[in-house]
Amino acid sequence: MSRTGFIHDKLDIKFLVLYLMARVASPVDFATLADLTFCDDGVEYFDFAESVAELVATEHLSLEGDRYTITEKGRRNGKVCESSLAFSVRRKCDRNLARVNGVLRRDAQVRSEILPREDEGVTLRLILDDDKGNIMTLDMLTVSEEQAGQLAEKFRAQPEKLYHSILQALLENEEE
């Protein structure tokens, strides 16, 4: 059966993956890479999975834990081949990358760590960064890992709300 779309074989998929990985803001997992790659109707899952495995085997991509990054070899070879991708495919990729990179950048700026303590309780560390460095680090004692996890999720959903509440409390006039 003939494929639709501009991607026709595994080599095209490899070019596409290298194009994407050269532009992604931070290491990505397999599911995110797949989501980005399936921007063309010609990409099939098993060919995609094999292409990614082959790119790792040939050291164009590296796999650390469950996250993929592009190597210097992959960046160099991908740059040479990116013009073979159709313009419309690159445009779709760029739109998808803008969305994914926004999420990846935010995830890198808003973090939490759950740290066990020797005494009772758990320390929850909330970290808020921007492009210039750390904005806030807050350590707080929680009664359990479950509570720490719930608080961390709330913080990751709305870090600005906590930051502004703390700032408001610190700047509040004592006479009130």
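Quick notes on this one:
- Here the contact order of region 121-176, divided by its residue count and restricted to Cα pairs under 8 Å and six or more residues apart, works out to 29 percent.
- Think of the chain as having a plus end and a minus end, set by charges on the Cβ of Lys, Arg, Asp and Glu; of N96, Y19, Q150, Y19 sits farthest toward the positive end of this dipole.
- The label-point distance for D94 and Q147, in a model that sets each label 7 Å from Cα toward Cβ, rounds to 5.1 nm.
- Heavy atoms of F38 accessible to a 1.4 Å probe, total area in Å² rounded to 10: 80
- For G42, the residues whose modelled amide H falls within less than 5 Å of its own, excluding neighbours fewer than 5 places apart on the same chain, are F6, I7.
- Relative contact order [Cα under 8 Å, 6+ residues apart], the chain, whole percent: 17
- Only one residue of C81, L171, L124 has its Cα farthest out toward the positive end of the dipole of the chain, where Lys and Arg carry +1 and Asp and Glu -1 on Cβ, and that residue is C81.
- Taking θ as phi - 60° and the Karplus parameters 6.51, -1.76 and 1.60, the scalar couplings of region 82-94 work out to 5, 5, 7, 7, 4, 4, 5, 5, 4, 5, 4, 4, 5 Hz in sequence order, x denoting glycine and proline.
- Summing charges over neighbours of D130, with a neighbour being any other residue whose Cβ is under 15 Å away from its Cβ, gives 0 when K and R count +1 and D and E count -1.
- Point-charge dipole on Cβ atoms (K/R +1, D/E -1) for region 1-153, about Cα centre, debye to 20: 1020
- Among the protein heavy atoms, those of H60 account for about 30 Å² of accessible surface (1.4 Å probe, every chain in place).
The values are calculated or read from the model by the stated rules, or taken from the named source; none is laboratory data. Remember, predicted model here, so these are calculated numbers, not experimental data. Positions of Cβ are generated from backbone atoms using ideal geometry, with glycine treated the same way; all protein chains shown enter the neighbour counts. Quick note on the areas: whole protein, heavy atoms, side chains included, nothing else; ligands and nucleic acids left out. Shrake-Rupley method; radii C 1.70, N 1.55, O 1.52, S 1.80 Å.
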